[in-house]
Amino acid sequence: MTQKIVIAGSGFAGFWAAVSAMRAVSLAGKEGAVEVTMVSPTPNVTIRPRLYEAVLENMSPDISAQLAAIGVRHFAGLVEHIDSENKTLQVVSAEGQKHQLVYDRLVLATGSQLFVPPVAGFAEYGFNVDTLESAQRLDAHLKALVDQPETSARNTVVVVGGGLTGLESAAEMPVRLRAILGNEANIRVVIVDTAEQVGAGMGAEPGVVIRQALDECGVESRAGTRVTAIDAGSVTLSSGERIATHTVVLAAGVRAHPLVAQIPGERDSAGRIVGDAFLHAPAVDGVFVTGDTVKAATDELGNHNLMTCQHAMSLGRVAGHNAAAELVGLLVHPYSQPKYVTCLDLGPWGALYTEGWDRQVRFTREEGKKIKQEINTQWIYPPALDRDALFAIANPDFVIVP
């Protein structure tokens, strides 16, 4: 009887889980004995780390050819319910029909979703760059500003959140606004962060660099404060300050996909399952958690994966390999990713590149920008390779870092 692996999600972790699983099946000589199915609305990988950019071309590359090359079936739909006791999934197809899929191993790679604070007006008036659709909506809104009467509210963008996405969005925004509204417009971009200093989450040394870069880009900072209300023409801060704006961009972090809540087990504050060394969901049989759905130790020093594509790609390789290895008789592989780097795009100033969990600054400005451009245009994209070439870089030890 054919054994079945289902991969829920086609993001960074889901794609590499599929390739790694088929690699393991091939190594064991069990082609035909194990069927791998990927479930997602479309066979695309959204390049989410780039959605803050002004140009949104090629942000959702089609992976149909790669899936066909390795023999993975794509099912166009969404997983709505997981019955982990009976190892079945309820899936709604793209046509709206309900299907039941049976699995021997499930790889949960559904990613994460934007966290929306319970603040009046966010849902109605806020924008974000969490999905390609929402980034396109923001882009259309920004381009339409030129048709509005010139006011302070029209010319002002407020970015809420001082994490990586918020920092990159804010640094890029002055250039975007000038390209739309003209160099004569009185452009204003403000970033709001609850930390005592904007960029403090990156560490002391990187924080100094980030604040310098934002200042040179023309971004104002409001640290140690939060948004208390948004309406059609303004945002109000906890300090009492009211900023006139028609554009509020929310970048307050992400939480694990709601589907993760259907898997029993210990969770962290972001809703991720705390996985074991092999990325099992420990409380249930046959389920692997990967990418943004899992919290896993990256080393023996107490560090854990972050919700980034850097970790998702390696987590996907390990989860996919282990899901197949258990079915075909190969050794399972423990997850380990001790090298950690950060490359933060800071608009026309350049980019900040750090190494290590203590984020030691290695490259800045133009040197950092070259690395960031290579990461954004090459390293994180699903490679257009044939079966053997894909398998060659899908082993669970493979890590792409500078």
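The values are calculated or read from the model by the stated rules, or taken from the named source; none is laboratory data. This one's a predicted model, so the numbers in the text were calculated from it and none came from an experiment. Don't worry about glycine lacking a Cβ; one is built from the backbone with ideal geometry, like all the others, and counts go over all protein chains shown. Protein only, heavy atoms only, side chains kept; ligands, DNA and RNA dropped before computing areas. Shrake-Rupley method; radii C 1.70, N 1.55, O 1.52, S 1.80 Å.
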Average accessible surface area per residue within segment 263-402, 1.4 Å rolling probe, Å²: 41 Å²
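How about segment 215-292: which GluC sites (Glu not before Pro) there are in a DSSP loop, with at most 15 other Cβ atoms within 10 Å of their Cβ? Mind dumping the intermediate values first?
Values: sites: GLU216, GLU220, GLU241, GLU266; in loops: GLU241, GLU266.
Passing sites in segment 215-292 are GLU241, GLU266.
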Neighbour-limited loop hits for GluC sites (Glu not before Pro), segment 134-194 (at most 16 other Cβ within 10 Å; DSSP other than H, G, I, E, B): GLU150, GLU184
Kirkwood Rh, angstrom, segment 119-256 [1 / mean 1/r, Cα pairs]: 15.0 Å
10 Å binning of all Cα-Cα separations within the chain, expressed as whole percents from 0 upward: 5, 22, 30, 24, 14, 4, 0
Paramagnetic reach from VAL102 (point 7 Å along Cα→Cβ, amide N under 16 Å) across segment 32-49: 33-37
Of every Cα-Cα pair in segment 280-402, the percent that sits beyond 18 Å: 59 percent
Proximal aspartates and glutamates to LYS372, defined as alpha-carbon separation beneath 12 angstrom and excluding residues fewer than eight positions away on the same chain: GLU168, ASP345
Rounded accessible area per residue of segment 5-138, 1.4 Å, Å²: 41 Å²
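Taking all protein chains in place and a 1.4 Å probe, what share, in percent, of the accessible surface of segment 43-108 do carbon and sulfur account for? List each step's numbers first, then the result.
Numbers: 1440 of 3150 Å².
Answer for segment 43-108 is 46 percent, counting heavy atoms of protein chains only.
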5 angstrom amide H check on PHE127, placed H, neighbours 5+ away: VAL248, VAL249, LEU250
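When DSSP beta bridges are limited to those with both residues in the chain, what percentage is antiparallel, rounded to the nearest 5? Intermediate values should be presented prior to the final figure.
Working: 33 of 70 bridges.
Given both bridge residues lie in the chain, the antiparallel proportion sits at roughly 45 percent.
Please work out whether segment 156-234 counts as rounded, prolate or oblate from its C-alpha gyration tensor, where a ≥ b ≥ c are the square roots of the eigenvalues and a/c under 1.5 means rounded, while otherwise a/b larger than b/c means prolate and anything else oblate?
Details: a/c = 2.46, a/b = 1.30, b/c = 1.90.
Note, shape of segment 156-234 comes out oblate.
Which links in LYS295/LYS370; LYS98/LYS295; LYS295/LYS339 stretch past 28 Å when you go from one Cα to the other? Write down the numbers at each step before the final one.
Values: LYS295/LYS370 31 Å; LYS98/LYS295 31 Å; LYS295/LYS339 17 Å.
Distance filter (> 28 Å) returns LYS295/LYS370; LYS98/LYS295.
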Sequence-separation-based contact order of the chain, relative, with Cα cut under 8 Å and 6+ spacing, percent: 20 percent
Additional length obtainable on full extension of the chain from TRP379 to GLN360, 0.36 nm per residue less Cα span: 4.7 nm
Relative packing of peptides 355-367, 60-72, 303-315 - highest average C-beta neighbours within 10 Å first: 303-315, 60-72, 355-367
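Please compute the length gained on full extension between SER152 and GLU80, using 0.36 nm multiplied by the number of residues separating them and subtracting their Cα-Cα distance. Could the numbers behind the result be given before it?
Values: separation 72, 0.36 × 72 = 25.92 nm, distance 4.44 nm.
Difference between extended and current length: 21.5 nm.
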Computed over segment 259-299, Cα set: Rg, Dmax in Å: 9.0, 28
Net charge of neighbours whose Cβ lies under 14 Å from the Cβ of ASP285, counting Lys and Arg as +1 and Asp and Glu as -1: -3
Loop sites in segment 1-76: GluC sites (Glu not before Pro), DSSP, at most 15 other Cβ within 10 Å: GLU57
Gap separating the Cα centres of segment 170-186 and segment 191-206, nearest whole Å: 24 Å
